[in-house]
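Have a look at the structure below before the remarks.
Derivation of every value follows stated rules applied to the coordinates shown; laboratory data play no part. This structure is a prediction, so every number in the text was calculated from the model and none was measured. Cβ placement follows ideal geometry from the backbone for every residue including glycine, while neighbour counts extend to all protein chains displayed.
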Amino acid sequence: MSMTNWLSIIAVLVFGWVSRQSPKMGLWLAWLFIPAYLWQIDLGPLPSNFWELAVAGLAIVTLALDWRRARGSLTEVWRSLGWAGGLLLAGLAIGVAVSPDLRLSFGVAKGWFIVPLVFFWLNLHWLRASDLGHYILALILSTIPLSLVALSQTAAQRFVTVDGRASGWFVSANYLSMYLVPILILGIILVQTGVAWQRRLVYLAWWLGGLALYFSFSFGGWLALVMAMLVWAVIRWRRRWREWIWGLALPIIAVATQWRSERWQQMIDLTDRSSASVRLQVWQTAGLMIKEHPLTGIGLGEFRDQYLSYATRLFASPWEMAILHAHNVYLQFWINAGLAGLVGWLWLVIKFFRRAIGRVTPTTTGLVAAMVAILGHGLIDTTYWKNDLAALFWLVFAMMVVATKTRPAAD
């Protein structure tokens, strides 16, 4: 075993010890270290990472310390997800069954669903509504070093991406924006409900994250941010028409100032290789996959390997030879988990928004805006099928359950 693996095991054991002493501190650290999924660890036939092992360790501690209440919180998971969750799991099972690469499909199911679902349960078990601000702060803190790395790339003009866009420690600038935007939106909750020092940290994260988002040149990220803020403004100021008219005017002005920019024109150019033309081909290819496999999809994790064989049936020379995802979260669910998986996931989204109806508070409004950012950006990018993004989706869902349930969670 390599030295890196030994160090990784030691780090996981230290995290387990901290979780044993204080499960809530372990959970807080799990929020903070969501990006640590990039710390890969090889311990068996399926690859793993620090964050997955940390969540698994905290789950074991929870079961060992509090088995009786754990059974109750597991029941609460079922009540929260219901048949929608069952339908999603059925779609995943079908996706595994039809996949020609079982190791790949099991890895996808583990990293992007099973572990995030365990994380969902842990939050329902340990958190109360009064805890949420403290834990949102952990997410806010996780964006600061990421934003600083992105800004240092910009200052030094040394980028990871081939197109000269800030991406932090991710391989894509879009990955940076998909992680940053929902969390920066959640910062609104702390600004409204937190104490002074928490608000100052949020303001720092907003400045750094906003600059990092700008230099990522992710128009999908800005689209998500604008959509989320408009929804937040309409809910927050629903009877104060002047404020939300200004909210509408600001994004219109922002778009107008960029309309004739070189990057915007390149992005929407359909006659040459551009973001728009590549996405159009990818969506058409995804449509062909769905047309030929409408019920089952093509299998979990198979899009990358099968993309070119489908794309060349539609285009003599596709703009891109290798594509990881469908650049649309809804198409990706259908392709990976079939119709059952897509319907189950959309049903969960509906259940999320139904929980907020009649419960207009700073917390629920911020959570709705964060989910709108995920779903809005998902129109042109895949805002779920990645470890940290899957964790964020289930985390926002868990926070809504905790914020709206009538009885307190376990201490």
**Report entry** Span-like helix ranges in the chain, DSSP H, alpha carbon extent 20 angstrom or more, Kyte mean at least -0.5
**Finding:** 3-21, 50-65, 67-98, 132-156, 173-193, 196-216, 219-236, 241-258, 275-292, 329-356, 362-377, 387-404
Report task. Identify which of GLY221, GLY301, GLY57 has the largest mean-square fluctuation in a Gaussian network model of the chain, with springs joining Cα atoms closer than 10 Å. Result -> GLY57
Requested in this report: Please list 183-190, 198-205 highest first by mean number of surrounding beta-carbon atoms within 10 Å per residue.
Outcome: 183-190, 198-205
Query - All lysines inside 29 Å of LYS405 as judged from Cα atoms, apart from same-chain residues fewer than 8 positions distant - result: LYS24, LYS110, LYS351, LYS386
Query raised in the report: On full extension of the chain, what length is gained from LEU204 through THR312, given 0.36 nm per residue of separation minus the C-alpha to C-alpha distance?
Result: 34.1 nm
Report summary line: Here P(r) for the chain, Cα-Cα distances in 20 Å bins, as whole percents, is 25, 60, 14, 0
Report summary line: Sorted by chain and then number, the residues having a modelled amide H within less than 5 Å of the amide H of ASN49, at least 5 places away or on another chain, are ILE41
Report task. Would you mind working out the magnitude of the charge dipole of the chain relative to its Cα centre, with +1 at each Lys and Arg C-beta and -1 at each Asp and Glu C-beta, to the nearest 20 Debye? Result -> 1440
Report summary line: Under a Gaussian network model of the chain whose springs join Cα atoms within less than 10 Å, the largest fluctuation of SER218, SER130, SER167 belongs to SER130
Query raised in the report: Between LYS110 and ILE357, what is the FRET efficiency for a Förster distance of 56 Å, r being their Cβ-Cβ separation, to the nearest 0.05?
Result: 0.95
Report summary line: the chain, Gaussian network, Cα under 10 Å: of LYS291, LYS24, LYS386, the residue fluctuating most is LYS291
Report task. With the cut-off at 19 Å, report for region 72-201 the share of all Cα pairs above it, as a whole percent. Result -> 67
Report summary line: Each label sits 7 Å from Cα toward the beta-carbon; between LEU346 and TRP283 the label points are separated, in nm, by 1.6
Query raised in the report: Rounded to the nearest 500, what is the chain's calculated 222 nm mean residue ellipticity when only DSSP H runs of at least 4 contribute -39500 (n - 2.57) each, over all residues?
Result: -24500 deg cm²/dmol
Query raised in the report: Counting pairs of alpha carbon atoms under 8 Å apart in space and at least six apart in sequence, what relative contact order in percent does the chain give?
Result: 23
Query raised in the report: log10 I(q)/I(0), Debye, Cα-only region 164-213, no solvent, q = 0.14, 0.17, 0.18, 0.21 Å⁻¹?
Result: -0.38, -0.52, -0.57, -0.70
**Report entry** Pair-distance profile P(r), taking every C-alpha pair of region 4-81, with 10 angstrom steps and integer %
**Finding:** 19, 44, 30, 7, 0
**Report entry** Gain on full stretching of the segment that runs from SER152 to ALA97 - 0.36 nm per residue minus C-alpha separation
**Finding:** 15.3 nm
